[in-house]
Every structure is written in C-alpha cells, then in structure tokens.
1. Being at pLDDT 95 or above, more than 14 Å from the ligand (Cβ to nearest atom) and not aromatic (Phe, Trp, Tyr) narrows it down to one residue among Pro62, Pro100, Pro105; which is it?
2. Pairs, please: C-beta under 7 Å, at least 6 apart or cross-chain, first residue assigned by TED's automatic domain parsing to the domain that holds Gly244 and part of a loop (DSSP other than H, G, I, E, B) and in the stretch 174-200, second within 8 Å of the ligand (Cβ to nearest atom) and among the aliphatic types (A, V, I, L, M)?
3. With the requirement that a residue be open to solvent by 40 Å² or more (accessible area, probe 1.4 Å) and at pLDDT 95 or above, what does the stretch 317-340 give you?
4. Test of understanding: among Arg182, Arg167, Arg186, Arg190, which residue is more than 11 Å from the ligand (Cβ to nearest atom), under 30 Å from Arg288 (Cβ atoms), open to solvent by 10 Å² or more (accessible area, probe 1.4 Å) and touching a Cys at 6+ places or on another chain (Cβ under 7 Å)?
5. Condition (residue is of a type in the set (D, E, K, R) and either surrounded by fewer than 23 Cβ atoms within 10 Å (Cβ to Cβ) or part of a loop (DSSP other than H, G, I, E, B) (or both)) applied to the stretch 75-85: is it met by at least one residue?
6. Filter the stretch 342-356 down to the residues that are farther than 19 Å from Ala277 by Cβ and in contact with a Ser or Thr (Cβ under 9 Å, 6 or more places away or on another chain) and list them by number.
7. Please go through the stretch 201-218 and give me each residue that is among the hydrophobic types (A, V, I, L, M, F, W, C) and part of a strand (DSSP E or B), ordered by number.
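The values are calculated or read from the model by the stated rules, or taken from the named source; none is laboratory data. What you are looking at is a predicted structure, and each value in this text was computed from that prediction instead of being measured. A quick note on method: Cβ atoms are made from the backbone with ideal geometry, for glycine too, and the neighbour counts reach across all protein chains shown. For accessibility, only protein heavy atoms count, side chains too; no ligands or nucleic acids. Shrake-Rupley method; radii C 1.70, N 1.55, O 1.52, S 1.80 Å.
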Amino acid sequence: MRRIYLDHNATTPLAPEAREAMGPYLGECYGNPSSVHTFGSRLRLALEEARARVGLLLGADPLDLVFTSGGTEADSAAILGVCAARPDRRHLVATRVEHPAVIEPLRTLERRGYRVTWLEVDAGGRLDPTQVEEALRGDTVLVTAMYANNETGVLFPVDAIGEVCRRRGVSLHVDCVQAAGREALRLAGRPIDSAAVSGHKVHGPKGTGVLYLRRGLPWEPLIRGGHQERGRRGGTENVAALVGLGVAAGLALGDLEAERERVRALRDRLEEGILEAFEDVQVNGDRRARLCNTSNVSFRRLEGEAILLSLDRLGVCVSTGAACQAGNTDPSHVLAAMGVPSTAIHGSVRFSLGRDTTEGDIDTTLDRLREVVGRLMRLAPVFPAEEVPGATKEVRA
Ligand code: PLP
C-alpha cells in the first residue's frame, strides 16, 4: 500500500538530492569547518555555499543568516536576543495564534517581569494591523507575528505590521517556518528585522534552521562559547545537514511558483470535494489569504482524532492540529482564538499537501474520507448537529 502523506506542515520528506549531497560530509569530509587546514577549509566552503543557497531562497544576504538547530531555536534566539540587547524596554506584542516556539520564550519573559500584549484574531484567523499600532507602548521592544499559521495556513499582513514597527522604532520578528519554500519571502526588501526558518519544512534535514538578522539590529547571541556563525551562535556547525539544507533550498527556489499553483489546485480540489461530500463540515480560516498547501476542516459531529486514526489505517496520514500537540487532546489554541466552537475544534483535521502529492492522492483521500466519515457517523455521532454561526456557507463564498 502506498501511503499518502498529507502532513507536510509537520515535516517534509528529505529531498533525495539533499541526502546525496550530505553523503561525503558524513564520511570522508570529516574536518572541523573552523580548522585552517585543508580538511577544515573544504568544509567551510561547503557551509558558505549552503548559506548562499539559503540566502537566495529567503531573498536575504547570506551574511545576515545564522544557522541554527531548527525553527524553535531561531525563534527563541530572535526574541530573547532582541530583549537582551535593549534591557530598558520590557514590553512585547504577539498574536494569540503563534506557534509554541514563540509563545514559550514569551512566557519565560513574562515570568521575568516583562509584559506581553496578546493580539486577537478574527473568525477567519486574520490579524488587523491597526491593532499593532494601538498595542505599542513607549517601552515596547519587539512585535512578533507569524508569516503563515501552521494550523490554518492563514497569512498575516507582515509588511503592514512592519511599517508600523519601523515608524515607532520597534523591532519585528516573523516566524517564517511554514512560509519558507511556499511563499517568495524576499526578506531583505521588507520591514522585517528577524525571521525564523526550519530546514525540515523545506525538504531539508531535521535539526536544521536559519535565523535571519537584519544588519545593524540590536541583538545578543543566545548560545555563546565559540566564534562560529560570525560570533552569533557558538558550537561546531552540523555541516552535513546544512549542506543538505542548502541543496533543498535550491530545489525549493527552482520550482516555487509552479509548485505553488499546482499544490493550490490540488488543495482546492480536496476542499471542494469535502464540502460537497459532507454536510456538517466547515473550513477553518480565511480561504483567500492562505498558504497554498493547507486546509483545516472541521467535521462538526465527529472527533478529529478518530478520523485521523481511521484514515491512517487506510494509508492516509493527516493531523489534528499542530504535530507537537499529537497525543495531547487540548483544544487547539489557534482555533479557540478564532472563536471556533469547541465541537468544531474537536472535529478538526489538518490536511497539508506537498511536492510529492498527486491528483490521485487527493481522489484516494476523498474516497477514504467518505468511507471513514460515513462509518464514524453511523457508529457514534458524538455531537448533536449544531448550527454554527458563520460556518460553511459564509466561508465558502
Ligand atoms: N514555528 C512554526 C510556525 C512551526 O510550524 C514549527 C514547527 O512545526 C516551528 C516553529 C518549529 O520548527 P522546528 O521543528 O524546526 O523547531
């Protein structure tokens, strides 16, 4: 049975070209990139080539990129590093729907006496940038807003937010983990001061990431203890993995526009198929300003977890929200912030498509869904049918 993988927001398969490029650096090319001799300099060259490739994908000067162990580290390093550099300012602004990689360092800062203003989103998961202006204070050090939401795919108006921040002398951090490789980021030309990217979401290896820091940004390193990454992150670089990330970035850039349209068409085919096949469903999140690959759907009378497990048995892999919440049945904080009723939150399933998804996969998924949802409805409709204001009809328009 060929498994159908529709969980690309959790992780993407490593590109075979990236795996192949990594090989020598797991074997004969074993130097330390900081060594001056031939072994070291070969590795340094490979590392800088990888950085240049990532720079092209992100639209950023490679010198402004710091390699990290992933998106989580890049988010923490940006947030804590900007606060450390401007200790007189003790207020931050963030949206309620950020990933835990952003929420948790902010909670740490709150425990240290910082104040955080949490911005609300509307029923479509959208953020109104005028809220940012209203939230800023004289001692605001940083605003943090994600480029695209990992659960719904909804895009935030980061340029408008950045303009407000520029005017008021406040830094803007953007978590670009879900947007990299799916949107043309062009970081250098935008009012963004720092950004986080994850390697394993762009068909690179797990445990790799990138922190973008605008030149001149007041910032202090999180990890010290070495001169690596131009003094911005201590520790010997994971050269093999970063070479793989460089190759993956090159591939993503090469077919970004074409892939975006192809994947968007497949996602829309899946979503339309679901809306036609089932009655008690709703799409969560604004359907227009959204990542091309993501669809978050609530089957209002069922448990998302039951759908996930039944689909998995039939060879289709999906998720019920953020992957890091797997095994945790707390309702999604993203859908809750959007005001999605709890029955619909419990019935939510996230489909996230990728480079390997085919039209056949979508049609098979729809067949399997009909089978699974039909059976679950006959067995035990856990929730009574309920009228949800503003659900399917409005969203479909
Ligand atoms: N930010 C967002 C929006 C994410 O979706 C994720 C991972 O799911 C992360 C950060 C963390 O990235 P990593 O897994 O590379 O630490």
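1. Pro62
2. Qualifying pairs under 7 Å: Cys176/Ala196; Val177/Ala196; Gln178/Ala148; Ala179/Ala148.
3. Selection gives His333, Ala336, Gly339.
4. Arg182
5. no
6. Within the stretch 342-356, Thr343, Ile345, His346, Ser352, Gly354, Arg355, Asp356 meet the criteria.
7. Listed by number, the residues that qualify are Val210, Leu211, Leu213.
Condition check ((1) in a helix (DSSP H, G or I); (2) surrounded by 13 or more Cβ atoms within 10 Å (Cβ to Cβ); (3) over 25 Å from the mean Cα position of the chain (by Cα); (4) more than 16 Å from the ligand (Cβ to nearest atom)) across all residues:
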site	(1), (2), (3), (4)
Ala10	no, yes, no, no
Leu14	no, yes, no, no
Glu17	yes, yes, no, yes
Pro24	yes, yes, yes, yes
Glu28	no, no, yes, yes
Asn32	no, yes, yes, yes
Phe39	yes, yes, yes, yes
